[in-house]
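Taking it in order: structure first as structure tokens, then the write-up.
Derivation of every value follows stated rules applied to the coordinates shown; laboratory data play no part. The shown structure was predicted, so the numbers you read here are calculated from the model rather than taken from an experiment. No Cβ is skipped: glycine too gets one built from the backbone with ideal geometry, and neighbour counts run over all protein chains shown.
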Amino acid sequence: MTKKIAVLAGDGIGPEITAQAVRVLDVLVRDGLEVQTESALVGGAAFDAKGDPLPDETLKVCESAQAILFGAVGGPAYDALPRSSRPEQGLLRLRKHFDLFANLRPALVYPELAEASPLKPDLVAGLDLLILRELTGDIYFGKPRGIHVNDAGEREGFDTMRYSESEIRRIARWAFEAARKRNRRVCSVDKANVLETTQLWRDVVTEVARDYPDVELSHMYVDNAAMQLIRRPLQFDVIVTGNMFGDILSDAASMLTGSIGMLPSASLNASGFGMYEPIHGSAPDIAGTNRANPLATILSLAMLLRYSLDQEAAAVRVEQAVRKVLAAGARTADIARPGEKVLGCSEMGDAVVAAL
Ligand code: NAI
Ligand code: MG
């Protein structure tokens with residue numbers, strides 16, 4: 001059966017970067033990969049056309065597919081909308097609908113691009129870390145939440161950090177399983193000294209670790225983890241953490257590699273269905289100018305091939321093509337040094353297609 005990928009380009013640079021990933025996929029299809037794509041609207045683009053950031057048609061397209069390739073959503077044009085109509089809702093609802101609880105964010109420093117890191121080369125050379133962020137719980141979804149007027153008559157905002165044991169256990173298992181295929185070290189990040197929810201987090205992760213005696217578990221408070229990521233990033237193999245801490249730490253980790261435009265991500269559920277997207281947003285400041293780096297999206301496609309389509313060889317082929325163009329000096333503006341020749345988004349796509 002030919003497998004299907006739902007392509008949701010979204011807003012801003014979304015259409016520019018996903019177009020390059022689809023070109024890469026076309027090469028693989030030409031060479032025999034049995035995959036078809038179907039595009040659908042999401043985010044602001046869907047709100048403009050249908051009045052809803054995640055229309056039913058889009059959800060149907062995703063449900064009939066094995067995986068979603070997602071660009072980015074959002075932009076200043078939508079900032080004044082009520083929260084339920086905001087483009088980001090398209091993303092959050094997809095994550096919830098498909099129960100995409102495991103968010104994988106690898107941060108790799110390619111030897112071909114070591115100079116792009118703002119840290120000294122010896123601090124990041126060989127960096128290969130995986131941040132595993134829980135994606136469907138925590139303070140982003142916990143209730144109650146709101147803004148009300150308190151007893152003192154002033155406005156007060158509140159959110160609820162919340163994790164159940166089973167939610168913690170399944171992401172912890174993912175972390176230990178992933179570590180087994182890597183360097184067998186898991187660092188669980190929490191704030192157990194202050195927050196009850198994360199004390200439970202620490203307890204449950206420790207329980208799960210008993211099933212993985214071959215994997216070394218350490219715990220770190222999130223503030224220290226933020227510092228350690230910059231001070232000595234090579235100490236980490238797999239970092240597992242909750243939704244909010246993972247959001248922040250993974251953006252920090254992205255800069256270790258030089259550019260947010262290089263980092264792919266996968267969001268998976270228990271049955272292997274996944275959504276794959278670059279970790280950056282819609283970059284409204286450069287949208288429509290052919291200046292975006294499409295490599296994060298192309299590398300997200302590689303993760304899609306690996307995790308949802310079980311096409312490891314094709315995934316490796318795409319990753320090697322990316323490394324080849326980097327080694328040959330191909331640079332978009334975000335990863336170029338002053339004076340270096342700069343490629344546009346579509347020219348970087350050309351280079352990867354040629355390398356394939
Ligand atoms: P952003 O990631 O869109 O941009 C941050 C900076 O990085 C900008 O200077 C941008 O030009 C640059 N950048 C991002 N991706 C790039 C790429 N591929 N190549 C070269 N440079 C790149 O984050 P920002 O500015 O905070 O948010 C812009 C919009 O994106 C907002 O509406 C936000 O809500 C939305 N957003 C959407 C996300 C998603 O769809 N998953 C994630 C994060 C933000
Ligand atoms: Mg973020």
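How do H280, H148, H97 rank when sorted from fewest to most other Cβ atoms within 10 Å of their own Cβ?
With the sparsest Cβ surroundings first, the list reads H148, H97, H280.
What Kirkwood hydrodynamic radius, in Å, does region 293-333 give when the mean of 1/r is taken over all pairs of distinct Cα atoms and then inverted?
Result for region 293-333, one decimal place: 10.4 Å.
How would you rank M303, M255, going from fewest to most other Cβ atoms within 10 Å of each one's own Cβ?
M255, M303
Dipole magnitude of region 253-356 about its Cα centre, charges +1 at Lys/Arg Cβ and -1 at Asp/Glu Cβ only, in debye to the nearest 20?
For region 253-356, the charge dipole is close to 240 debye.
Rounding to the nearest 20 debye, state how big the charge dipole of region 128-256 is about its Cα centre with +1 on each Lys and Arg Cβ and -1 on each Asp and Glu Cβ.
Rounded to the nearest 20 debye, it is 460 debye.
Which whole-Hz couplings ³J(HN,Hα) result when phi for each residue of region 130-141 is put into the Karplus expression 6.51 cos²θ - 1.76 cosθ + 1.60, θ = phi - 60°, listed in order with x for Gly and Pro?
Karplus-based 3J(HN,Hα) across region 130-141 equals 10, 9, 10, 10, 5, 10, 10, x, 6, 5, 6, 10 Hz.
Report the normalised scattering of region 155-210 as log10 I(q)/I(0) at q = 0.15, 0.29, 0.31 Å⁻¹, calculated by the Debye formula with identical scatterers on the alpha carbons.
Calculated log10 I(q)/I(0) at the listed q: -0.47, -1.18, -1.26.
Among S254, A107, G157, pick out the residue whose Cα is farthest towards the positive end of the charge dipole of the chain, where Lys and Arg carry +1 and Asp and Glu carry -1 on C-beta, about the Cα centre.
Farthest along the dipole direction, towards plus: A107.
State the volume of the convex hull built on the alpha-carbon positions of region 128-256, expressed per residue in Å³ and rounded to an integer.
115
With springs connecting C-alpha atoms under 10 Å apart, model the chain as a Gaussian network and identify which of S166, S188, S300 has the largest mean-square fluctuation.
S166
Enumerate the aspartates and glutamates that K3 could reach by cross-link, defined here as Cα to Cα under 17 Å, with residues fewer than 8 away along the same chain left out.
D26, D31, E34, E38, E63, D310, E312
What 222 nm value per residue comes from the helices of the chain, counting each DSSP H run with n ≥ 4 as -39,500 (n - 2.57) and dividing by all residues, nearest 500 deg cm²/dmol?
Computed ellipticity for the chain at 222 nm equals -12500 deg cm²/dmol.
Mind checking which of I286, I298, I171 has the largest fluctuation in a GNM of the chain, springs on alpha carbons under 10 Å?
Comparing I286, I298, I171 in a Gaussian network model of the chain, the most mobile one is I286.
Beyond a 30 Å Cα-Cα separation, which of these cross-linked pairs lie in this structure: K4/K96; K181/K341; K181/K324; K4/K143; K96/K120; K4/K50? Let's see the in-between values first.
On the way: K4/K96 21 Å; K181/K341 38 Å; K181/K324 25 Å; K4/K143 36 Å; K96/K120 39 Å; K4/K50 24 Å.
Flagged as over cut-off: K181/K341; K4/K143; K96/K120.
Hey, what did region 159-312 get for relative contact order, percent, Cα under 8 Å, at least 6 apart?
About 19 percent, as a whole number.
Pull up the DSSP beta bridges for the chain and report the antiparallel fraction as a percent, rounded to 5.
40
Just the ratio, please: alpha-carbon radius of gyration of region 1-137 over 2.2 N^0.38 Å, N its number of residues.
1.23
Taking 0.36 nm per intervening residue step and subtracting the Cα-Cα distance, what contour gain separates A327 from T160 on full extension?
Full extension from A327 to T160 adds 55.5 nm.
Comparing A283, A253, A266, which has the greatest mean-square fluctuation in the GNM of the chain with Cα pairs linked when under 10 Å apart?
Per the Cα network of the chain with a 10 Å cutoff, A283 tops the list.
What do the square roots of 5 times the Cα gyration tensor eigenvalues come to for the chain, in whole Å, largest first, as semi-axes of the equivalent ellipsoid?
Each semi-axis is the square root of five times an eigenvalue, giving 30, 26, 21 Å.
Using Cα pairs closer than 8 Å and at least 6 residues apart in sequence, work out the relative contact order for the chain, in percent.
On the way: 757 pairs, mean separation 75.8, N = 356.
This gives 21 percent for the chain.
What's the extension gain from D214 to K3 if we count 0.36 nm per residue and subtract their Cα-Cα distance?
On the way: separation 211, 0.36 × 211 = 75.96 nm, distance 3.62 nm.
Net length gain for the segment: 72.3 nm.
Choose one of Q66, G329, H219: the residue whose Cα lies farthest towards the positive end of the charge dipole of the chain (beta-carbon charges +1 Lys, Arg; -1 Asp, Glu; about the Cα centre).
The one lying farthest along the dipole's positive direction is G329.
Output ³J(HN,Hα) for region 54-69: one whole-Hz value per residue in order, computed from phi by the Karplus curve 6.51 cos²θ - 1.76 cosθ + 1.60 with θ = phi - 60°, and x for Gly and Pro.
9, x, 4, 4, 5, 4, 5, 4, 5, 5, 8, 10, 8, 6, 10, 9
For T37, T197, T160, T241, what's the fewest-to-most ordering of other Cβ within 10 Å of each Cβ?
Ascending Cβ contact count within 10 Å gives the list T160, T37, T197, T241.
Report, in debye and to the nearest 20, how large the dipole of the chain comes out about its Cα centre when Lys and Arg carry +1 and Asp and Glu carry -1 on their Cβ. Intermediate results must be reported in sequence, preceding the final value.
Numbers: 39 positive and 47 negative charges, 117 e Å.
Charge dipole of the chain: 560 debye, to the nearest 20.
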